[in-house]
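Since every read-out is calculated from the coordinates, none of them should be taken as a lab result. The model shown is predicted, which means the values in this text are computed figures rather than measured ones. Heads up, the Cβs are rebuilt from the backbone with ideal geometry, glycines too, and the neighbour counts pull from every protein chain shown.
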Amino acid sequence: MIDILENEHTFHLSMQQTSMILHVLPSGHLVCLYWGKKVYGQDFQYIIQDIKRASYLSDTDGILDFKLEQMPLSYPAYGNPDMRTPSFMLQYYDGSRVSDFRYQSYHIYHPKKKLDGLPTVLHPDSEVLELHLYDHVQQVEMILSYTVFADYDAVTQSVELINHSCKVLQIDKIMSACWSFLDSRYESLTLTGAWGRECHIQHNQIQQGTFLLDSKRGASGHGQNPFLALSSLNIQENEGEVFAMNLVYSGNFEASIEVDMHQNTRMMIGINSFDFSWQLDQNESFMTPETVLIHSSHGLDEMTQRFHHLYQDCLLPPRFAHTLKPILANNWEATYFHFHQKKLLSFIENASQLGIELFVLDDGWFGQRDNDQTSLGDWTVNEKKLGCSLHDFAQQVKQKGMKFGLWVEPEMVSLQSNLYQQHPDWIIAVNNRQPQIARHQYVLDLSREDVQNFIIQSMNNLLQSASIDYIKWDMNRNITDLGSLHLPITRQKELNHRYILGLYHILDELTQTFPHVLFEGCAGGGGRFDPGMLYYMSQMWTSDDTDAIERLDIQTGTSLLYPSIVMGCHVSASPNHQVGRKTSLLTRGVVAMQGNLGYELDFTKLTDDEKRTIQQQITDYKKIRDIIQLGEFHRLLHQPNEYAWMHIYKDRIVVGYVIKLVKANTVPKRLKLKYLKAKSLYYVVTTNDIRSGSELMNIGLDLDRPKEDFYAQQWIIEKRSH
Ligand code: DGJ
């Protein structure tokens, strides 16, 4: 709900348990009055009136003691007495960079509409507040949009710029969201890492100066999720305050925290302004991607619940958001590029006997692709390798009672390919320079309409050629040599963003034409695990690192924002192919059951014992899959040596636990659960015990005393009384 107070100058975005309050100063500047736990009241202006003015700062508009720099500005401009980092930078035809947008009017409507060409968080009950600002000298309009998802305690923010002048305007920076805090006693919270080590949780105390988190790689990236939060010091799962921003975007982004000399803090996020600019012609408008803003006053768990509910209900493709995902077997780590029909059919036969529901044929099925040096772009099946057409191959999978999935990497072209021979100008490159090659491939210039159409057409043909239920959409290199042979000189800095818009257009077309196909996003693992991709793809390959122990940190970090139903988690071979670690099938299974279970090992080489264990795992997972994919997820422990988590769905609970290194001479310990009803009775199926919720939460489950490292346990619990 949006309350309008104080002569229509204060806007209270009022949610179930959260308030966000914006205010228009008499000068027409916008300020952030409050963001936090829900407050009730009519007049919040004292928050800024109480600020003690610093006399050495410039006054604004010639008004004595009107110090813009000390105001918690909502979307600060460059060129006024506020000398901190602005949230946007424009360059005008006359060389001026000074902007002065003042408030004009507001507009409230519902429900929110999809942002043109951009992934959008949507809900029929959402309500939008638009604040219209205008720069009279330059004749440019700015619309700040705040959408309230009251039942989800979430707000999204995006910004639109409209050029009403008859002169071209250059956007050098335009953030999607910005919030100012009259305090600096916070820590930053980020999800950082690298390929194979994605989404590790990082806390850092903030200090005067600027902290910048960004990607210049052409993708949101393995190194950093497009997420930044401020939290109270030493934040816990159930204690402390968090202010979180998650950008709904898959390309280069920047997120910053600036602590100024008065110990105020400004946080913002948006498209990376590094090597970015955008020309806005007369009557044209530019829309930023949107940012999700979530506050929690009860620690990380509450933030997680809010993100999970919002994403599952309002972001994921509705058809798949609440539908159970099939248990898949992927042949990548089993065969890599080296397979033939006989091998695959034996793999499929074995997988189907163990209960697998979807077979995914990974890289190597097309063109001349026996290694990573060739054929990307030539999306025709290698019948010699498959022994038949794709259509017939898919039929053989179906005859085994499984769905059929296929790997593609449509944004790329191999140097050795027919596509590159025919269209060398379709790649991202700079004239007269040989572009860098990575994994023997170039990146197609998705800003071009002809390239977009080629990808749409070739994927259309592929999806129509056989009965395909699932697509794994990969993207395996960073974008270097930023240049488009197609864009004019003055628009070269638009390429990164145009690439992402092109990608979203392709995905829009394909997901609309093939609504029944389950798309899994992958970018060398979790390189583009972001809300932008989740709008089109209801599942993400969490990381190329399939080691169960490495996955503990990766999945814990990912779980901070993204629900279990979107996380692809596979049981792979031991020793693990990335780190060489040996772990039991039990441990690999328990860890993979934190999300959507899959297998990525050679089904033709399993011992009878391993087959029995896997068959049992699959049978067990089918019984608890709804709890994991549709239930609430909570982290119980994530200290360096022990990890525990639980899923709750209706009256059923699954608990997972892993200890990394065991120690000598310890006595058995217990694992305390949370989020149960104290007086209710629960049946612990795994140990055949009846316990009250209060016992499980305060005394806990009995942990084994393991005699081996990397030991896991799992419990299934059912509520028996209310
Ligand atoms: C990177 C992916 O993350 C892997 O799972 C696999 O599909 C390879 N690419 C194939 O080239």
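Above 16 angstrom, tally the Cα pairs of region 356-466 and express them as a % of all pairs, no decimals. The calculated P(r) of region 356-466 puts 61 percent of pairs beyond 16 Å.
Between the C-alpha center of region 391-467 and that of region 56-132 there is a gap of 41 Å.
Distance between the modelled labels on LYS677 and LEU703, one decimal in nanometres: 2.9 nm (7 Å Cα→Cβ projection). Each other residue within a Cβ distance under 12 Å of LEU33 adds +1 if Lys or Arg and -1 if Asp or Glu, for a net charge of -3. With the biggest extent put first, the Cα atoms of region 89-187 measure 47, 37, 25 Å across the principal axes. With respect to the chain, whose longest principal axis is taken over its alpha-carbon atoms, helix 299-314 is tilted by about 80°.
Modelled label positions at ASP372 and ASN641, each set 7 Å beyond Cα in the direction of Cβ, lie 3.7 nm from each other. Taking the convex hull of the alpha carbon positions in region 495-576 and averaging its projected area over all directions gives 6.2 nm².
For LYS679, the aspartates and glutamates whose Cα comes closer than 13 Å to its Cα, not counting residues fewer than 8 places off in the same chain, are GLU695. Which residues in region 255-276 have a backbone N closer than 14 Å to a point placed 7 Å from the Cα of MET83 along the Cα-to-Cβ line? Within reach of a label on MET83: 260-262.
For a straight C-alpha distance cut-off of 26 angstrom, the lysines reachable from LYS67 (same-chain residues fewer than eight places away being disregarded) are LYS52, LYS173. Electrostatic tally near ARG84: other residues with Cβ closer than 11 Å to its Cβ, Lys and Arg +1, Asp and Glu -1, net -3. The distance separating the Cα centre of region 639-672 from that of region 494-540 comes to 35 Å.
If you take the square roots of the eigenvalues of the alpha-carbon gyration tensor of region 552-594 and sort them as a ≥ b ≥ c, do you get rounded (a/c under 1.5), prolate (a/b over b/c) or oblate? Note, shape of region 552-594 comes out prolate. Per-residue 3J(HN,Hα) values for region 368-374, derived from phi via the Karplus relation 6.51 cos²θ - 1.76 cosθ + 1.60 with θ = phi - 60°, read 10, 7, 10, 7, 8, 8, 8 Hz in sequence order (x marks Gly and Pro).
Restricting the calculation to alpha carbons of region 1-153 gives Rg and Dmax of 16.7, 49 angstrom.
In plain terms, the bigger the Kirkwood radius, the slower the diffusion; for region 655-709, with that radius from Cα pairs, at 37 °C and 0.692 mPa s, Stokes-Einstein puts D at 265 µm²/s. Between HIS9 and VAL137, the simple label model (points 7 Å from Cα in the Cβ direction) yields a spacing of 2.4 nm.
Set the Förster radius R0 to 22 Å, insert the Cβ-Cβ distance between LYS38 and GLU130 as r into 1/(1 + (r/R0)^6), and round the FRET efficiency to 0.05. Spell out each step's value before the answer.
Numbers: r = 23 Å, r/R0 = 1.04.
Approximately 0.45, to the nearest 0.05.
Calculated on the Cα set of region 200-293, radius of gyration then Dmax: 15.2, 51 Å.
From the cross-link list LYS622/LYS677; LYS622/LYS707; LYS398/LYS674, which pairs have alpha carbons spaced over 32 Å apart? Check vs 32 Å cut-off fails for LYS398/LYS674.
The separation of region 330-382 from region 7-47, counted between C-alpha centres, amounts to 57 Å. Per-residue ellipticity at 222 nm from helix content only, as computed over the chain with -39500 (n - 2.57) for each DSSP H run of at least four residues, stands at -6000 deg cm²/dmol.
Per 0.36 nm of contour for each residue apart, how much would the distance between LEU487 and LEU324 grow if the chain were fully extended, relative to their Cα-Cα spacing?
Values: separation 163, 0.36 × 163 = 58.68 nm, distance 4.35 nm.
Between LEU487 and LEU324, full extension yields 54.3 nm more.
Counting pairs of alpha carbon atoms under 8 Å apart in space and at least six apart in sequence, what relative contact order in percent does region 34-111 give? With pairs under 8 Å counted, the relative contact order is 17 percent.
If each residue of separation counts as 0.36 nm, what is the full-extension length gain between ASP275 and GLN615 once their alpha-carbon separation is subtracted?
Working: separation 340, 0.36 × 340 = 122.40 nm, distance 5.19 nm.
Residue separation times 0.36 nm, minus the Cα-Cα distance, leaves 117.2 nm.
Need the list of aspartates and glutamates near LYS167 for cross-linking: C-alpha distance under 12 angstrom, and skip anything on the same chain fewer than eight residues off. Once the sequence-local aspartates and glutamates are set aside, what remains near LYS167 is ASP94, ASP281, GLU284. Taking one quarter of the surface of the convex hull spanned by the alpha-carbon atoms of region 239-293 gives a direction-averaged projected area of 6.2 nm². Using DSSP loop states and a limit of at most 10 other Cβ atoms within 10 Å to flag chymotrypsin sites (Phe, Trp or Tyr not before Pro), what is the longest stretch of the chain containing no flagged site? Longest site-free region, per DSSP loop and neighbour criteria: 57-722. Dividing the alpha-carbon radius of gyration of the chain by the rule-of-thumb value 2.2 N^0.38 Å gives 0.99. Annotation: extensible slack from ASN238 through GLN104 equals 44.1 nm (criterion: 0.36 nm per residue apart, minus Cα-Cα distance).
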